[in-house]
1. Mind checking which residues of region 26-49 are in a loop (DSSP other than H, G, I, E, B) and within 16 Å of the chain's Cα centre (by Cα)?
2. Among the residues that make up region 52-62, is at least one of them open to solvent by 60 Å² or more (accessible area, probe 1.4 Å), in a loop (DSSP other than H, G, I, E, B), modelled with pLDDT of 95 or more and not hydrophobic (A, V, I, L, M, F, W, C)?
3. Kindly provide the set of residues from region 63-103 that are at pLDDT below 95 and either open to solvent by 60 Å² or more (accessible area, probe 1.4 Å) or of a type in the set (Phe, Trp, Tyr) (or both), ordered by number.
4. Give the residues of region 1-34 that are closer than 16 Å to ALA50 by Cβ and charged (D, E, K, R), sorted by residue number.
5. Quick one: count up the residues across region 1-16 that are over 12 Å from TRP114 (Cβ atoms), open to solvent by less than 60 Å² (accessible area, probe 1.4 Å) and in a loop (DSSP other than H, G, I, E, B).
6. Between a first residue in region 101-112 that is within 20 Å of THR28 (Cα to Cα) and a second residue that is loosely packed, with under 15 Cβ neighbours inside 10 Å, which pairs have beta carbons less than 8 Å apart while being 6 or more apart in sequence or on different chains?
7. Determine, yes or no, whether THR78 is of a type in the set (Ser, Thr, Tyr), in contact (Cβ under 8 Å) with a residue 40 or more places away in the chain and under 23 Å from GLN1 (Cα atoms).
Amino acid sequence: QVQLVESGGGLVQAGGSLRLSCAASGRTFSTYTMGWFRQAPGKERDFVAAIRWSGGTTFYASSVKGRFTISRDNAKNTVYLQMNRLKSEDTAVYYCAAGRSIVVPTTSPQYDYWGQGTQVTVSS
């Protein structure tokens with residue numbers, strides 16, 4: 001069992017930055033692929049970024065590539081999402097997810113565990 005707790009959300013002006021953190025419980029954190037998804041009001045949950053257990057392979061949605069960076073610290077059981085040059089369309093609840101046997105990290109059904117989410121609001 002893995003429990004995920006996100007933090008770091010908030011209100012920021014367009015062009016600003018935020019760093020989200022996701023703290024995971026469990027001793028097998030280092031074996032999981034970790035992902036970030038987001039859901040805006042009235043919209044489906046969308047993939048944002050993912051990182052393989054070793055940290056050597058990352059994946060990004062085209063809408064955030066070049067602006068967001070996902071990273072992980074397996075010693076701290078934490079995954080991060082650094083978000084730069086934020087836009088109003090980045091406003092959403094951001095969710096952290098973990099999965100062990102993930103073939104396609106961009107699809108939400110492949111993940112086994114989810115956090116409660118953290119709100120990110122970008123004002124224009």
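1. TYR32, ALA40, GLU44, listed by residue number.
2. Yes, some residue in region 52-62 is open to solvent by 60 Å² or more (accessible area, probe 1.4 Å), in a loop (DSSP other than H, G, I, E, B), modelled with pLDDT of 95 or more and not hydrophobic (A, V, I, L, M, F, W, C).
3. Once the filter is applied, which keeps residues that are at pLDDT below 95 and either open to solvent by 60 Å² or more (accessible area, probe 1.4 Å) or of a type in the set (Phe, Trp, Tyr) (or both), region 63-103 yields ALA75, LYS76, ARG100, SER101, VAL103.
4. Across region 1-34, the qualifying residue is only GLU6.
5. Qualifying residue count for the region: 5.
6. GLN110/SER101; GLN110/VAL103; GLN110/VAL104; ASP112/ARG100
7. Yes, satisfied.
The values are calculated or read from the model by the stated rules, or taken from the named source; none is laboratory data. Since this is a predicted model, take the numbers as computed values, not measurements. Cβ coordinates were reconstructed from backbone atoms using ideal geometry, including for glycine residues, and neighbour counts include every protein chain displayed. Surface accessibility is based on the protein's heavy atoms, side chains included, excluding ligands, DNA and RNA. Shrake-Rupley method; radii C 1.70, N 1.55, O 1.52, S 1.80 Å.
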